[in-house]
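Enquirer: If you scroll down you'll find the structure; I have some questions about it.
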Amino acid sequence: MAPDAAPARSKAAPGDYDEDELGAIAPPVVAVVVAHEPGPWFEECLASIAAQDYPNLSTLVIDAATSSSDVTARVARVQPSAYVRRLDEAAGFAAAANEVLAIVEGAAFYAFCHDDVALAPPAIRAMVEEAYRSNAGIVTPKVVEWDEPARLLSVGDSADKTGVRVPLIEPGELDQEQHDAVRDVFCAPGGCMLVRADLFAVLDGFDAGIDLLGEDLDLSWRAQVAGARVIAAPSAVVRHVVASVLHRPTPDRTQRIERHRIRTMLSCYGRLHRWRVVPQALALSALSAMVALLSGHRAHAADIVGGWRWNFARRREIAANRRRLEAVRQLPDTEVRRLQVRGSAQLARLLRPPVGGDDEMLSPVASAGRELFGSLREGPVRDTVLVFAALTLVLVVGSRQLLSGDLAPFGSFVRFPDRPWTLFSEWFSGWRSAGLGSESPAPTGFAILGIAGIVVLGAMSALRRLLVVALLPVGVVGAWRLARGTESTPARLVVTVTYLAIPLPYDAIARGRWGGLLVWAAAPWIVRLLASCVGSTPFDDRRLPARHAVAGLGLAVALLAAFVPFTVVVVAVAAVGLALGGIVAGEPRGSGRVVVIAAGAIVVAAVLQLPWTADFLLPGSQWSAFGGVQSSARVDIGALLRFHTGPVGGGPLGWAFLVVAALPLLIGREWRFTWAARAWALALSCWALAWAGQQSWFGQGTGPIEALLAPAAVALSLSAGLGLLAFQADLREFRFGWRQVVSTIAAAALVAGMLPTLYASFDGRWHAPRSGFDGVLAFLHDEQASAGPFRVVWLGDPDVLPLAGWRLEDGVAYATSDDGFPSVEEQWAGSSDGATSLVGDALHLAQRRDTTRLGRLLAPMGVRYIVVQTAAAPEREPSRPVPAELERELGQQLDLQRVLADPHVQVFRNVAWAPVRTALSPKAAPAARGGPFFDVVAGTDLTGSPPVLAGDAGRTTARGPLADNTTVYVANASSPHWQLTVDGRAAPRTKAFGWANSFAVDRGGNATLRFDTPIQRYGLLAVQVLLWVAALVTWWRDHKRPVRRRRHRVAYGAPA
Amino acid sequence: MTSTNARRIRVILLAIVVIAVLVFGDRARSTPRSVDVVSGRSLMPAASPPDAVSSAFFCAGGTASGSGGFESTIVIANPNANSITATVTSYPAALPSDQAGQASVASLAPVSKSVTVGARSRAEVPLAQIQASPFAAALVETNDGDISVEHRTATAVGSSSSPCASAPSPTWYFPTGTTTRDAHELLAVFNPFPVDAVLDITFQTSDGFRAPTALQALPVPGGHVRIVDVNEQAPRIAQLAAFVVARSGEVVVDRLQSFDGSDPAHPAGAVAMLGAPLPATEWVFPEGAVNEGLTETVTVQNPSDQPSSVQVEVILDDPDTNGVVDPIPLTVQPASYTQVALHQETRVPKGVGHTIVVRTTSGPPVVAERVVTGAAPAPRHGYGPAIGSPLSSTSWLFADGRAMAGTDAEFIVLFNPARDVTAHVSLTALAQGQALAIDGLQQIEVRPGARVALDLGQHVNRADLPVLVNSDAPVVAERGLYAASGPGLSLAAGMPLAGHASVLGR
């Protein structure tokens, strides 16, 4: 199919030529009809092409693997001259249309048509004329409805900067020639378009990676980047069935639109605009996803998220597209963007209620927006969206530096390992490196974080940031869903706003208490589950059988307890609080059930944590492994009641939340009063627990303070929402009086309570420090390579230490790290029973001035540095000094050298140190067999012991050459599972210094030290995995199973 | 009242009660203070704890040349039933102006010597026997507890003995000092740690404040001793109080003083003595007397930046007979000192023994030092400064001591600071393996607020006389060593045993 080239012009006007002459001089046009499972309109489509008055038109029908083989016959019946090419696979419109590049030569234009369009007879001619007149690369006709040609479908489209399509007309409006002016458009819709053949070739055709929906926008955009104009020629009219919407719906339509929109945006922008626009697009997608989630359209939210994921997986393909486009770029993005609409079409659609009837056929993006909106039609959509937009704005503004800048490692916001596998190996291994090591079970948190690391494709740094910043929206969504049963959007908004205004999460961020932030995010979900267990209005909308409730709550508690074990106590206290509240309020029904289910859930959580649970229950277990070490910092009861645990909040405005939450107690009736009573009882229980946990007579740690207060914050927020309901439903029962005044005060208090949080958001990082001590202490890691393996002992208030430790005395903990500044692997202390307690004993000796050679005592433990930390970070942090005598005595040790004296951190180098793996001198080797430990080491000088097995070292393996007659000392807790082989020969192991390992090596060679994890350990892990799988499956089944839902339309007295 | 309202009141009352209980409990709670079990031992030298894994004593000043002016001998007393091993390490030093000495010291390194101290006995280690050097400091380390280490310096004008420091400190104070023509004063600064120390040494003198440039930011390398010649830095000063403050690190500082006897105000004598590491609110000097030829001067130094009000109490023997002396009030300006010459106070009767208590009545704590001089016609001759004792204890150990008829006299003076508890004190001599209860010095009664002076020469005659003082109530014990003829006057508090001491004034 190769029409001849146009003859040289010799006549003045078309009228001067006859039909054949016209055919000879008119630029050859090939109508390309891509047919796939064509409907009954196909013949009319072909006939309309055959009826074109354009003199030099050929027809190419590409059969995109239609299942029946009658396409050729149907074409032959209507247009025998048409060429038909059948494809073996349905690769999509774009790939099918691109066939023209291979099989057509000499064409000046291609008219790409769907199989469901019918062209008016002069359509091709009009478009060709306009192409020449306007020097356009692509021409789009006026598209009208198939059955009602007086109604417009499109006259070209525009798009916003993120590629969201915006129709230039109101789809379905009557055609009164109001859009008949020729004009530039950004996008030529795909039903029918005329494309200059050379442009199509330069652009390599449609993007074959876009199989369906969106290829037209992509081509139009790229054409403009290449310098071509896209023109709407309304004199060309085309009827369109839009069969892909109405008659043969495309699966994954929304998903494809999202994917391809993002792909086009990523492909077409240059570097500068990409950096500008892509973050905005991400934020808008996040907002859309959140709204979809809130409206219960999880699938749509998944489509939005999936769109980005799909493109991330094809980032190399997109980069190649970009390079090809850059090679032909003629216009900068600023020029291209002039035809785009200003602002965000996506956001505008979110904020604008739908108008008109069913318009699904009109625009894919519009329909998606409408779908989103449709989910919210039942409530005051605009208020919800506005409030959530405001909340999002506050969170984004308040967290902007955490999102964009560096998240300093401080408190428990420590760094993650580079690879998820590191965490998995910690979990698999039977060896815990905490302290001086032990054979105790590894925390489940390692495995959970490892899985999370895989989910984020190994981007561990991003995971760390996500686990801080993303917890805020998780808490917000939890608060929103908490009061779902009330069926009152304003009440839900009040709950959400109150929960977000309470300063707990921001104080947790400011103080580096990740556990507190985590529990804050989870608390609304937990309280909701507990409330459902009570099973009374309004939490009876989804009442699960007790077994299912235990499984669901148990799974949630297990997940939380993997990171904050003390959560089990918090959940128990919250359950008891709810129960007591019901009893005091005269509604005891359900009180026993919630306590029993909570107890069952705790048992489930404990079982799911096996074998780690043994760390808390078996002999030798310590409270510090469960609740941590009590901090010296005391939060007074006034601050507890105001949730003022850090720099955010506090002041008189902090009391506002109590005022707001008190309203339903004063004016509420029926279930609103009962649930307010339960909420207050829950809050009081948590306050009492938090208060007791700080008392010296208790003497034990209770985890991060925010973890204890989070359920109280949930309770107050719930009570605030109930206050609004009571205001709507109950207040009119009373005559005008103090209750109305109190209601007004409560409303004002809510506004006032938000102010400190709003103010704190201007900081941009919630007062979190900009830097940690990792930089100044980087040498701790760097020296490992030159000096040999060693440990670092950390001393300080547990609230400021970057790792979990054990109690040295009130408000002082000690801990060890193996590789310099701690990472997430040191966040679970376990028990110090056994060898590790020797570190504390040595420190006690120094503190009592019972030794002047602490360095010598710590040398057999491989301790090279002691870090005394009195603040979590260098700036804006309150100082938590260690006891003066401890600091003084460290400074008076003859073998400790103070190498760093920062106001908040002091570092002492142990000049008498020995590496963790060393060769004992002939004098020290016999001493290592003696005892007791301190008596022996006080007289044994290990100074200068050389490191061995320093090559290719991990936590449980080490390799290196050994000389003959070497006594290898390994400063890890004694275990028969430590094995040393030298050239394949096993060296005999003995216990050294009463707690460590030594190996006698007679003949040297290449040696490997390894900890062989016992097979039982793997068996236990397998059991644990099975338990988790069983719990997840049970939960999933229960989650999907229809449950007894009671849709109670609660009479509030006023429209909710 | 409707049912709902009844429930409403019940719930609100419950909330109010719980919150009230929490508020009340919060206010009633007392924040526990960490008990500093060793702070008292930072105020003055103390014996090593009985269960110590390792302990150290620091003797900063002295010569080890065999013929120097302050020949230093380390005296280690072991009251335990088992012999112990101590390691004595000598750190060489020389005066900066002594070029030859500096050159010889530059080629020397610290040398250690292991010393076995028998059960219930003492060992003496002349530093010159370990390594000869113009000056030397000693570090004594042991892995056993309950030992006491003293530092004896012998000169041509008598010898002195005083406890070695049991802990370093970033601050050291010396209320008295003299750099007149007849006097020579040195400060020996010993840094036993591996890290360098940097010091500022300033003086408040009778002529005003001095901060010699050479003594500001003075570095003392780790494991070194630096000898500071005060006469060079602040010459011809009749009285100066020294302030040694470390910018970084911790050190031990001894003051070495000698007088050639050419000035009637300063009898010939020499003494090496540890400074006071910290100020305290109460200082006790059990021994005291003024008489013809016998002077007694108390100097109170205030190292803080606030004025301090102090009273000097003179508690006479047998007050029923001798009467009561009104306290002498003083105001000590910041970073300054004030002196009281008791021999010039008419209210202090001559020839009556007394105890001096320096008590801070308001303001920051202070440091107090007492200087006793003896010259004819007094029977004892010499120059005897001593820092008071800020601790009382039920056990005191004196490592050095001798009571030889005709040559040396030794007195133990006891003061009972309690107001209503009588102390019963027994003295035990550690006699080469034997714990010898000194006959006649058992269950000595010391009445509240009274003192008792015990002349050991009346009961025992030994050249080797470490003494353990045990009491059933806390007392303060001071030892006086006097040469029977010629100059020789040394006064020093004992060394309290760890676990038995308590801080006075608390």
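Since every read-out is calculated from the coordinates, none of them should be taken as a lab result. Everything numeric here is computed off the predicted structure, so don't read it as measured data. So basically every Cβ, Gly included, is an ideal-geometry build from the backbone, and we count neighbours across all protein chains shown.
Enquirer: Which ordering of A:875, A:145 is given by a fewest-first count of other beta-carbon atoms within 10 Å?
Expert: If I rank by nearby Cβ atoms, fewest first, I get A:875, A:145.
Enquirer: If you take every residue apart from residue A:994 with its C-beta less than 13 Å away from the C-beta of residue A:994, what net charge results, scoring Lys and Arg +1 and Asp and Glu -1?
Expert: Net local charge, residue A:994 excluded: 0.
Enquirer: Can you run the Rg to Rh ratio on chain A? Use alpha carbon positions and the Kirkwood inverse-distance Rh.
Expert: Working: Rg = 36.0 Å, Rh = 33.4 Å.
The Rg/Rh ratio comes out at 1.08.
Enquirer: Mind sorting A:852, A:966, A:486 by how few other Cβ atoms lie within 10 Å of their own Cβ, fewest first?
Expert: Ordered by Cβ neighbours within 10 Å, fewest first: A:966, A:486, A:852.
Enquirer: Okay, next question. Of A:767, A:493, B:48, which is farthest along the charge dipole of the protein assembly as shown in the positive direction, counting Lys and Arg as +1 and Asp and Glu as -1 at C-beta?
Expert: Farthest along the dipole direction, towards plus: A:493.
Enquirer: Sorted from fewest to most neighbouring beta carbons within 10 Å, what does the list B:113, A:142 look like? Write out the running numbers ahead of the final one.
Expert: Details: B:113 16, A:142 25.
Final ranking by Cβ density, sparse to dense: B:113, A:142.
Enquirer: How well do other chains shield peptide A:884-897, expressed as the mean number of their Cβ atoms within 10 Å of each residue Cβ?
Expert: Partner Cβ neighbours, averaged per residue: 5.
Enquirer: What FRET efficiency do you get for residue B:247 and residue A:607 if R0 is 41 Å and r is their Cβ-Cβ distance, rounded to the nearest 0.05? Don't jump to the answer; show the numbers that get you there.
Expert: Values: r = 59 Å, r/R0 = 1.44.
The pair residue B:247/residue A:607 has a calculated efficiency of 0.10.
Enquirer: Mind checking the dipole of chain B: about its Cα centre, +1 per Lys or Arg Cβ, -1 per Asp or Glu Cβ, Debye to the nearest 20? Please report the intermediate quantities before stating the final value.
Expert: Working: 29 positive and 43 negative charges, 361 e Å.
Charge dipole, chain B, about its Cα centre: 1740 debye, nearest 20.
Enquirer: Can you list residues whose amide H is under 5 Å from residue A:997's amide H, if they're 5+ apart or on another chain and H is modeled 1.01 Å from N?
Expert: Result for residue A:997 returns A:970, A:972, A:992.
Enquirer: Another question, then. Under a 5 Å amide H to amide H cut-off, with H placed in plane at 1.01 Å, what residues pair with residue B:133 once short-range neighbours are removed?
Expert: B:64, B:65
Enquirer: Full extension from residue A:315 to residue A:65: what is 0.36 nm times the residue separation minus their Cα-Cα distance, to one decimal in nm?
Expert: 87.1 nm
Enquirer: Pop the C-beta distance of residue A:181 and residue A:762 into the FRET formula with R0 = 45 Å and round what comes out to the nearest 0.05.
Expert: That gives a FRET efficiency of 0.35.
Enquirer: Same structure, new question: Of all beta bridges DSSP finds with both residues in chain A, what is the antiparallel percent, to the nearest 5?
Expert: Antiparallel bridges make up about 70 percent of those DSSP assigns within chain A.
Enquirer: State, to one decimal in nm, how far the label point of residue A:147 lies from the label point of residue B:459, with both points 7 Å from Cα in the Cβ direction.
Expert: Rounded to a tenth, the inter-label distance reads 12.6 nm.
Enquirer: Let me ask something additional. Just grab the label-to-label distance for residue B:435 and residue B:206, each label 7 Å out from Cα along the Cβ direction, in nm (one decimal).
Expert: Label at residue B:435, label at residue B:206, 4.9 nm between them.
Enquirer: Using θ = phi - 60° and the Karplus curve 6.51 cos²θ - 1.76 cosθ + 1.60, what whole-Hz ³J(HN,Hα) does each residue of region A:624-641 get, with Gly and Pro shown as x?
Expert: Once θ is set to phi - 60°, the couplings for region A:624-641 become 4, 5, 9, x, x, 9, 5, 7, 7, 6, 10, 9, 6, 5, x, 5, 4, 5 Hz.
Enquirer: Now a separate question. Give, as a single signed number, the net charge of other residues whose beta carbon lies under 15 Å from the beta carbon of residue A:898, with Lys and Arg counted +1 and Asp and Glu -1.
Expert: Neighbourhood net charge equals -2.
Enquirer: Further question on the same structure: Can you give the convex hull volume of the alpha carbon atoms of chain B per residue, in Å³? Intermediate results must be reported in sequence, preceding the final value.
Expert: Details: hull volume 100.4 nm³, N = 506.
Once divided by residue count, the hull of chain B is 198 Å³.
Enquirer: What's the FRET efficiency of residue A:201 with residue A:456 using the Cβ-Cβ distance as r and R₀ = 51 Å, to the nearest 0.05? Kindly include the intermediate steps, with their values, before the conclusion.
Expert: Numbers: r = 41 Å, r/R0 = 0.81.
Step by step, r from the Cβ atoms, then E = 0.80.
Enquirer: Remind me, relative contact order of chain A in percent, using alpha carbon pairs under 8 angstrom and six or more residues apart?
Expert: Over chain A, the number comes to 9 percent.
Enquirer: Can you list which of the DSSP-assigned H helices in chain A have a Cα extent of 24 Å or more along the long axis and an average Kyte-Doolittle score of at least -0.5?
Expert: Details: long enough: A:271-294 (34 Å, 0.92); A:381-398 (25 Å, 2.06); A:514-534 (30 Å, 1.50); A:567-584 (25 Å, 2.60); A:591-608 (26 Å, 2.27); A:670-693 (35 Å, 0.51); A:705-729 (36 Å, 1.66); A:738-761 (35 Å, 1.08); A:1015-1040 (37 Å, 0.54).
Result, helices passing both filters: A:271-294, A:381-398, A:514-534, A:567-584, A:591-608, A:670-693, A:705-729, A:738-761, A:1015-1040.
Enquirer: For residue B:159, list long-range residues whose amide hydrogen, built 1.01 Å from N in the peptide plane, is under 5 Å from its own amide hydrogen.
Expert: B:489
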